[in-house]
């Protein structure tokens with residue numbers, strides 16, 4: 001065989017080689033080939049002449065005289081040391097390694113095995129999928145090792161001829177060279193628990209390492225690691241993990257409530273749960289509840305159905321959650337009864353749902369005494385779907401919205417609806433007919449006489465749903481869902497705590513000198529007091545006139561200038577306000593107080609007109625007060641802490657100290673001293689690694 005190599009500045013530029021196409025066939029003729037090395041991709045050039053073997057690469061040539069090459073007779077103090085040596089050599093050359101052919105002599109406690117190329121062996125498919133990719137080429141490159149009973153080991157045979165291309169620059173893709181350090185693992189775990197997408201977590205590690213080639217692992221390895229961590233954290237099966245999670249939470253807090261509905265074959269069908277804090281919050285804010293199952297359907301087609309209320313800051317607050325397999329009356333009845341049992345049989349005064357007939361039937365069956373209204377937003381969203389095919393669609397849509405949002409009383413709405421149907425010939429439109437039949441459950445002018453805490457639609461559920469958007473999506477598994485549910489609730493609690501602090505330690509300035517404004521200022525949270533001040537500012541557009549006096553009872557007309565739905569003009573609206581001096585009772589036909597629990601600008605106008613200095617306490621609702629100690633404040637957060645084990649705490653403590661030390665090392669002298677101390681500490685720690693742990697590491701490889 002003939003091999004000619006030409007070097008320039010340690011770079012191989014040109015080669016010419018003669019070889020046999022079939023190395024095993026001695027009689028096969030030689031073939032001569034040549035090529036410019038500037039176009040040379042990672043390859044192996046082999047020659048054999050007088051027992052001399054050489055390997056050529058794109059930027060170096062390895063020969064038998066290289067001190068880094070394995071040689072027969074090399075001795076090592078431990079198998080771990082030998083393994084690390086051969087792995088380093090393989091990384092520099094461009095191939096992966098594997099351990100194989102282990103044999104033990106029981107009499108002498110001697111072990112024989114091989115460390116060879118990862119592409120050794122032949123792929124044998126376990127299925128009929130013969131097209132599956134394989135890296136096996138039956139490569140024979142390997143070293144034979146003998147490990148003695150005292151821990152020392154030696155190389156007894158060396159064969160370094162590969163039958164495939166080698167690529168040192170791509171060694172990091174070899175499985176045996178992939179390694180994820182503790183820092184990277186911890187970063188990935190924390191980010192995953194915080195709901196940060198894994199691709200962003202991996203990219204942050206790439207930026208920190210200053211390039212993909214500086215990381216000894218890839219994004220796929222990160223995904224595999226996080227998948228394993230999640231299994232360890234939540235268990236292997238989704239349903240089993242969910243049950244285990246509920247059991248753990250109930251162990252932490254006896255007031256944690258959950259119900260799991262299984263089918264006849266033992267498969268998960270429906271789930272409901274509520275934590276102790278949600279149950280306690282219901283005592284203060286359970287007068288109005290919004291329920292919506294249209295927000296999210298996970299990868300198991302199980303809709304997420306939250307029970308949502310409003311706290312004293314006007315924020316969404318959760319009263320429990322359900323995951324449903326079906327959306328029929330039977331399923332909703334099961335869910336509502338489970339929730340009612342959770343809340344000790346106390347039904348809400350008012351409940352908002354969407355237009356689902358199955359849901360309406362379940363509400364009537366389980367909450368017969370509750371005021372039930374339909375979601376206005378869901379109904380109005382269907383207008384394009386139901387009416388867009390009509391010739392005068394735009395005019396019909398505008399007229400319909402004007403009727404719904406701007407009608408002052410029921411007579412105005414019904415008269416306008418009849419004209420709409422007659423003018424556009426919509427008598428046979430089934431959808432509009434059904435809406436009119438249900439008008440007392442969704443049209444604002446009908447429902448505003450009851451208290452809804454300002455919730456005009458199920459927008460409160462949608463607000464809560466959007467809050468969960470940052471944590472869950474349609475691909476979220478049940479195991480991930482319960483974990484991210486905890487994170488979302490922790491964030492919600494933190495926002496409420498912050499709002500409590502701000503309401504107690506800061507406030508909006510008074511804009512009038514009236515004492516009743518000071519009453520609300522001292523009683524209400526900032527968010528609710530701001531709504532009242534908006535009514536005070538709106539009072540500037542109001543004019544009042546006395547129309548009737550009956551003893552101590554006065555009737556006023558208050559003219560207001562309000563914006564229309566489309567905001568393109570304003571119109572004058574007259575409201576009726578009645579005031580009884582003997583019992584300090586005042587009411588307005590706009591029903592803002594009944595609907596939201598805040599006195600309106602029209603009432604304020606009459607209070608000033610009648611020189612009322614102090615508002616009666618019944619107009620200051622306790623549910624909006626900032627000085628009330630609500631029961632859920634006393635509930636200790638039972639959500640699980642991330643990685644609360646001793647090892648995790650030790651790791652975090654060490655990292656914290658390392659960061660602190662890094663900031664101290666501001667000069668070169670301090671830096672060198674600290675590095676020497678760390679290296680010394682590292683050597684001491686490594687010395688404690690016993691032979692068993694090293695052997696375990698090798699066997700895993």
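Numbers for the structure displayed
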{"quantity": "All positions within the stretch 414-433 that are out of contact with any helix residue (DSSP H, G or I) (no Cβ under 7 Å at 6 or more places or on another chain) and assigned to a loop (DSSP other than H, G, I, E, B)", "calculated": "425, 428, 429"}
{"quantity": "Residues of the stretch 565-609 that turn out to be surrounded by 13 or more Cβ atoms within 10 Å (Cβ to Cβ) and either in contact with a strand residue (DSSP E or B) (Cβ under 7 Å, 6 or more places away or on another chain) or farther than 17 Å from residue 405 by Cβ (or both), as a count", "calculated": "31"}
{"quantity": "Every residue from the stretch 401-413 that is part of a helix (DSSP H, G or I), surrounded by fewer than 16 Cβ atoms within 10 Å (Cβ to Cβ) and in contact (Cβ under 8 Å) with a residue 12 or more places away in the chain", "calculated": "401, 402, 410, 412"}
{"quantity": "From the options 190, 215, residue that is under 30 Å from residue 490 (Cα atoms), out of contact with any strand residue (DSSP E or B) (no Cβ under 9 Å at 6 or more places or on another chain) and either at pLDDT below 85 or not assigned by TED's automatic domain parsing to the domain that holds residue 86 (or both)", "calculated": "190"}
{"quantity": "One residue from 192, 213 being in contact with a helix residue (DSSP H, G or I) (Cβ under 9 Å, 6 or more places away or on another chain), under 29 Å from residue 83 (Cα atoms) and part of a helix (DSSP H, G or I)", "calculated": "213"}
{"quantity": "Test: residue in the stretch 103-114 that is assigned to a strand (DSSP E or B), at pLDDT below 90 and loosely packed, with under 11 Cβ neighbours inside 10 Å", "calculated": "yes"}
{"quantity": "Check on residue 341, in a helix (DSSP H, G or I) and more than 23 Å from residue 441 (Cβ to Cβ)", "calculated": "yes"}
{"quantity": "Count of the stretch 45-92 residues which are farther than 24 Å from residue 172 by Cα, in a loop (DSSP other than H, G, I, E, B) and at pLDDT 60 or above", "calculated": "6"}
{"quantity": "Candidate set from the stretch 510-521 (those that are surrounded by fewer than 16 Cβ atoms within 10 Å (Cβ to Cβ) and in contact with a helix residue (DSSP H, G or I) (Cβ under 9 Å, 6 or more places away or on another chain)); member that is nearest to residue 608 (Cα to Cα)", "calculated": "512"}
{"quantity": "Single residue of the stretch 526-545 satisfying the filter (assigned to a helix (DSSP H, G or I) and touching a strand residue (DSSP E or B) at 6+ places or on another chain (Cβ under 8 Å)) that is surrounded by the fewest Cβ atoms within 10 Å (Cβ to Cβ)", "calculated": "541"}
{"quantity": "Checklist (1) assigned to a loop (DSSP other than H, G, I, E, B); (2) buried (at least 18 other Cβ atoms within 10 Å of the Cβ); (3) free of Cβ contacts under 8 Å to residues at least 24 places away in the same chain applied to residue 348, failing item", "calculated": "(3)"}
{"quantity": "Of the criteria (1) outside the structural domain of residue 435 (by TED's automatic domain parsing); (2) loosely packed, with under 13 Cβ neighbours inside 10 Å; (3) part of a loop (DSSP other than H, G, I, E, B), which one residue 389 fails", "calculated": "(1)"}
{"quantity": "Selected residue (criterion: modelled with the lowest pLDDT) from residues of the stretch 300-325 that are closer than 22 Å to residue 246 by Cα and more than 19 Å from the chain's Cα centre (by Cα)", "calculated": "325"}
{"quantity": "Residue list for the stretch 351-362, restricted to those being part of a helix (DSSP H, G or I) and surrounded by 21 or more Cβ atoms within 10 Å (Cβ to Cβ)", "calculated": "359, 362"}
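The values are calculated or read from the model by the stated rules, or taken from the named source; none is laboratory data. Every value quoted in this text rests on a predicted model; they were computed, and no experiment measured them. So basically every Cβ, Gly included, is an ideal-geometry build from the backbone, and we count neighbours across all protein chains shown.
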